[in-house]
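These notes are about the structure you will find just below.
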Amino acid sequence: MPPHPPPQQPEPSAYKEGMARYKAFTSPFAKVFLGAVFTYQIIYWTWVKLEMEEVKVGKNQQLAALEKEARELTGVVEK
């Protein structure tokens, strides 16, 4: 009877080797990605808020000018 060969360890698949290599980078990549998205959102909403305030000031100035013109046309004197 021939001797039994020693049991061989199954070789890890190429997929598992690749996953093990990139697993170390998953957490840092996620942190940087989420930080970038968060920063973008803060900058975007700040920009929108400032732009809305600028439009509001312009509309208020236009409204004040139209009110003044309406008073002049109707002859109402501002007190």
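Quick notes
- Taken together, Ala65, Ala70 contain a single residue that is among the small types (Gly, Ala, Ser), at pLDDT below 95 and either part of a helix (DSSP H, G or I) or touching a helix residue (DSSP H, G or I) at 6+ places or on another chain (Cβ under 8 Å) (or both), which is Ala70.
- In segment 8-39, residue modelled with the highest pLDDT [restricted to those that are outside any helix (DSSP H, G or I) and of a type outside the set (Asp, Glu)]: Ser13
The values are calculated or read from the model by the stated rules, or taken from the named source; none is laboratory data. From a predicted model like this one, the values you see are computed outputs, not experimental measurements. Every residue, glycine among them, receives a Cβ derived from its backbone with ideal geometry; neighbour counts consider all protein chains shown.
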